[in-house]
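Novice: Quick one: the structure is below, questions incoming.
The values are calculated or read from the model by the stated rules, or taken from the named source; none is laboratory data. All of these numbers come straight from a predicted model, not from anything done at the bench. Quick reminder, even Gly has a Cβ in these numbers, built from the backbone with ideal geometry, and neighbours come from all protein chains shown.
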Number of protein chains: 2
Amino acid sequence: MTTDSPAGQSPSRSKRADAQRNRQTVLAAAAEVFVTSGVDAPIRQIAARAGVGMATIYRHFPTRADLVTAVYRHQIEACAEAGPNLLASADSPLDALRQWIDLFVDFLVTKHGLADALQSDHDRFAALHAYFLDRLLPVCAQLLDAAVEVGDIRPGTQPYELMRGIGNLCIGRDNDPRYEPRRLIALLLQGLHRPHSA
Amino acid sequence: MTTDSPAGQSPSRSKRADAQRNRQTVLAAAAEVFVTSGVDAPIRQIAARAGVGMATIYRHFPTRADLVTAVYRHQIEACAEAGPNLLASADSPLDALRQWIDLFVDFLVTKHGLADALQSDHDRFAALHAYFLDRLLPVCAQLLDAAVEVGDIRPGTQPYELMRGIGNLCIGRDNDPRYEPRRLIALLLQGLHRPHSA
DNA sequence: AACTGAAGCGGAGCGCTGTTCCGTTTAGTA
DNA sequence: TACTAAACGGAACAGCGCTCCGCTTCAGTT
């Protein structure tokens, strides 16, 4: 990929050095705050942590989605890039899909409130939602197609619906032993599955 | 059931007539506002619609969850009571479960933002969450058990997990043609299903 | 019917958010 | 060093939840 194309992120398009420094400072602070207070943490808190004014954050990241996107960009990329690799290394396309979904779920559940924000605060996080889709949807589609191709799963499932469903299942308070998203996702995949002899 | 036991609701425990009248006025106003602005509508808006002060609402419904619970109480009850009936009238326990889930989903998706609130704003809506569980979990468990009993579905699925999963799948902007919760829920049930010959 | 205590009421007020605006500071250039 | 435009900080405004308190109205009593 190029150093940057969608939403503003790389250190490229900026003249002054202090601005770039501040950008990094804010990113680091946001990453820390997100861990403890979730992606809905008050801007003031992030600004304080970074030692900058609020306007500085808004200047670099006009919407909250831009900030969140920038913070998690690398991990989303990694997830996207893992798709093809898994397809090559796994025993079967279905296995690759399973492992990839596992990665995706890992990412979501370790980010306090990310899944919630993605679907519940749809409007405010529209840009983030779009970025997720841009990067991950094609990967999911590729895995899905491959699994259909070899007859592992039934055709007809839309990648968008599947991804959003998985995302939705990851919503909710963490650490509730009575609710384990992976169990339901496994059930979903089970429903997708079609024995070779059918 | 008794006229009231959990959170304050019936017109019983109040001496003054105007208080009871206001309670009903607020309930009606809230119901209307919820339709257009969702269950997260500003209290001020509901108060304005009802022609009362905000404190009146807080006095009758200390938490937002209490208000939402009161507004939807009848429908939740209806859903709960439908369970046993379906079990008696449907072709099979699995069919009963399917139809009941359909009712539940109907209820959720027609209430703008209800599913979102239930899981995302878990803390603020804790009381509502609890009420849902109290009334619907036993019903779901009964249907699930019956279906397992006759061998329609595999054992081991926890009612809580299933209900919450279904609720989660119903989260999100309505009217997105690319995402239809029922399709995924059907997939989930498919995964639960066990052919008679297994 | 008039009286009265308390139940009930309304909305101003506080605290916490997001977001903007503008006077001030600072980096880069000449 | 002087200058200019980019970048900055935080005060300020708006919208929200929730509470507090002085005022109103009901219901029972005489």
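Novice: Could you please find all residues in region B:147-198 being farther than 18 Å from B:GLN99 by Cβ, at the interface with chain A (Cβ under 9 Å from one of its Cβ atoms), of a type in the set (A, V, I, L, M) and surrounded by fewer than 21 Cβ atoms within 10 Å (Cβ to Cβ)?
Specialist: none
Novice: I would also like to ask the following. Of the residues that make up region B:134-141, is at least one closer than 28 Å to A:MET163 by Cα, over 14 Å from the mean Cα position of the chain (by Cα) and not small (Gly, Ala, Ser)?
Specialist: no
Novice: Take region B:23-70 and flag every residue that is among the β-branched types (Val, Ile, Thr), under 18 Å from B:ALA115 (Cα atoms) and part of a helix (DSSP H, G or I).
Specialist: If the condition is that a residue be among the β-branched types (Val, Ile, Thr), under 18 Å from B:ALA115 (Cα atoms) and part of a helix (DSSP H, G or I), then B:VAL33, B:VAL35, B:THR36, B:VAL68, B:THR69 are the ones that fit.
Novice: Could you tell me how many of the residues in region A:38-61 are more than 15 Å from DNA strand D (Cβ to nearest atom) and within 14 Å of chain B (Cβ to nearest Cβ)?
Specialist: 2
Novice: Do you know which residues across region B:119-162 are of a type outside the set (Asp, Glu) and within 16 Å of DNA strand C (Cβ to nearest atom)?
Specialist: If the condition is that a residue be of a type outside the set (Asp, Glu) and within 16 Å of DNA strand C (Cβ to nearest atom), then B:SER120, B:ARG124 are the ones that fit.
Novice: For the list (1) polar (S, T, N, Q); (2) closer than 30 Å to A:ALA141 by Cβ; (3) surrounded by 14 or more Cβ atoms within 10 Å (Cβ to Cβ), I need the number of the one condition that A:THR25 fails.
Specialist: Among (1) polar (S, T, N, Q); (2) closer than 30 Å to A:ALA141 by Cβ; (3) surrounded by 14 or more Cβ atoms within 10 Å (Cβ to Cβ), the lone unmet condition for A:THR25 is (2).
Novice: Is it true that some residue in region A:144-153 is among the acidic types (Asp, Glu), over 16 Å from the mean Cα position of the chain (by Cα), in the same structural domain as A:PRO84 (by TED's automatic domain parsing) and in a helix (DSSP H, G or I)?
Specialist: For region A:144-153, residues among the acidic types (Asp, Glu), over 16 Å from the mean Cα position of the chain (by Cα), in the same structural domain as A:PRO84 (by TED's automatic domain parsing) and in a helix (DSSP H, G or I): present.
Novice: May I pose another question? In region A:109-125, which residues are within 12 Å of chain B (Cβ to nearest Cβ) and crowded, with 19+ Cβ neighbours inside 10 Å?
Specialist: Matches in region A:109-125: A:GLY113, A:LEU114, A:ALA115, A:ASP116, A:ALA117, A:LEU118, A:GLN119, A:SER120, A:ASP121, A:PHE125.
Novice: Further question: For region A:126-144, does any single residue satisfy the condition of being at positive phi and out of contact with any Ser or Thr (no Cβ under 6 Å at 6 or more places or on another chain)?
Specialist: no
For (1) under 17 Å from the mean Cα position of the chain (by Cα); (2) more than 16 Å from DNA strand C (Cβ to nearest atom), each residue gets a yes or a no:
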residue: B:LYS15; (1), (2): no, no
residue: B:ASN22; (1), (2): no, no
residue: B:ALA30; (1), (2): yes, no
residue: B:ILE46; (1), (2): no, no
residue: B:ALA80; (1), (2): yes, yes
residue: B:ALA88; (1), (2): no, yes
residue: B:TRP100; (1), (2): yes, yes
residue: B:ALA117; (1), (2): yes, yes
